[in-house]
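The values are calculated or read from the model by the stated rules, or taken from the named source; none is laboratory data. Fair warning: this is a prediction, and the values are worked out from it, not measured in the lab. Heads up, the Cβs are rebuilt from the backbone with ideal geometry, glycines too, and the neighbour counts pull from every protein chain shown.
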Amino acid sequence: MKKLSLVLLSLMLLGCGNKPINQNFAKLLKAKKYTVAMFIAPDCPLCKTLSTPFSELSERYPDIQFLAVYSGTHYEPMELNMYATETKLMPRIFRDYYYEVAGQLGASVTPEFFLLDSSANILYQGMMDDRIIDLGSYKQTWDKLYLNDAIQAIVSDKTPPIKKTQPIGCVLEY
């Protein structure tokens with residue numbers, strides 16, 4: 001009985017190790033040295049607010065890949081296309097059907113932003129900037145550009161000054 005328990009415990013521990021990133025997402029990450037991912041949900045008001053600034057940021061950094069990641073199966077492709085059109089979201093949308101990428105990166109809300117290298121190492125995770133105070137509360141002006149500062153740092157071959165902020169948004173339910 002002790003041997004069986006030991007074998008089961010060993011298998012459980014081996015199974016709990018870091019899983020490799022979703023293969024299709026990993027292929028996309030290899031396309032460029034760096035990728036910025038925004039987790040989105042079409043019904044999230046904060047995603048609607050930040051999709052246009054995210055697209056504008058993508059235009060400023062053409063050498064960096066920008067992706068919107070939609071986790072789940074609640075929305076049809078046409079609904080995602082309508083969301084992208086309405087919010088002027090230009091980066092392509094990656095469908096994370098089974099929450100693999102969300103789980104592997106540790107995404108918890110939408111919108112949540114990640115700056116990744118081509119090996120899926122997280123260089124920055126969190127908010128785009130400090131414009132959102134709380135759900136439903138926005139600042140009129142903001143001065144902390146977390147994501148932009150992280151991108152500026154890696155473009156200059158430096159480490160991002162802030163590696164993680166606490167994202168505010170709609171809960172990403174797995």
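Restricting 163, 139 to those that are over 12 Å from residue 39 (Cα atoms), free of Cβ contacts under 8 Å to residues at least 12 places away in the same chain and either touching a Pro at 6+ places or on another chain (Cβ under 7 Å) or not aliphatic (A, V, I, L, M) (or both) reduces the list to 139. Checked against (1) touching a residue at least 60 places away in the same chain (Cβ under 8 Å); (2) closer than 20 Å to residue 150 by Cα, residue 69 meets all criteria but (1). Only a single item in (1) on the phi > 0 side of the Ramachandran plot; (2) in contact with a Gly (Cβ under 8 Å, 6 or more places away or on another chain) is not met by residue 146, and it is number (1). Does residue 96 qualify as being among the charged types (D, E, K, R), touching a residue at least 24 places away in the same chain (Cβ under 8 Å) and loosely packed, with under 15 Cβ neighbours inside 10 Å? Against the criterion (among the charged types (D, E, K, R), touching a residue at least 24 places away in the same chain (Cβ under 8 Å) and loosely packed, with under 15 Cβ neighbours inside 10 Å), residue 96 does not qualify. Set side by side, the residues 88, 48, 27 differ, and just one is basic (Lys, Arg) and closer than 15 Å to residue 119 by Cα, which is 27. Within the range 118-174, being modelled with pLDDT under 90, more than 28 Å from residue 22 (Cα to Cα) and surrounded by fewer than 16 Cβ atoms within 10 Å (Cβ to Cβ) holds for 133, 134, 135, 136, 137, 138, 139, 140, 141, 142, 143. In the range 81-93, the condition of being touching a strand residue (DSSP E or B) at 6+ places or on another chain (Cβ under 9 Å) and touching a residue at least 60 places away in the same chain (Cβ under 8 Å) is met by no residue.
The helices (runs of 4 or more DSSP H) located wholly in the range 1-117 that include 2 or more residues which are at pLDDT 95 or above and touching a Pro at 6+ places or on another chain (Cβ under 9 Å) occupy 45-60, 77-87. Could you tell me whether the range 149-156 includes any residue that is out of contact with any Ser or Thr (no Cβ under 7 Å at 6 or more places or on another chain) and in a loop (DSSP other than H, G, I, E, B)? Looking through the range 149-156, at least one residue is out of contact with any Ser or Thr (no Cβ under 7 Å at 6 or more places or on another chain) and in a loop (DSSP other than H, G, I, E, B).
Note on the range 68-91: among residues that are hydrophobic (A, V, I, L, M, F, W, C) and within 17 Å of residue 172 (Cα to Cα), the one that is surrounded by the fewest Cβ atoms within 10 Å (Cβ to Cβ) is 80.
Against the conditions (1) closer than 18 Å to residue 150 by Cβ; (2) touching a residue at least 12 places away in the same chain (Cβ under 8 Å), residue 40 satisfies every one except (1).
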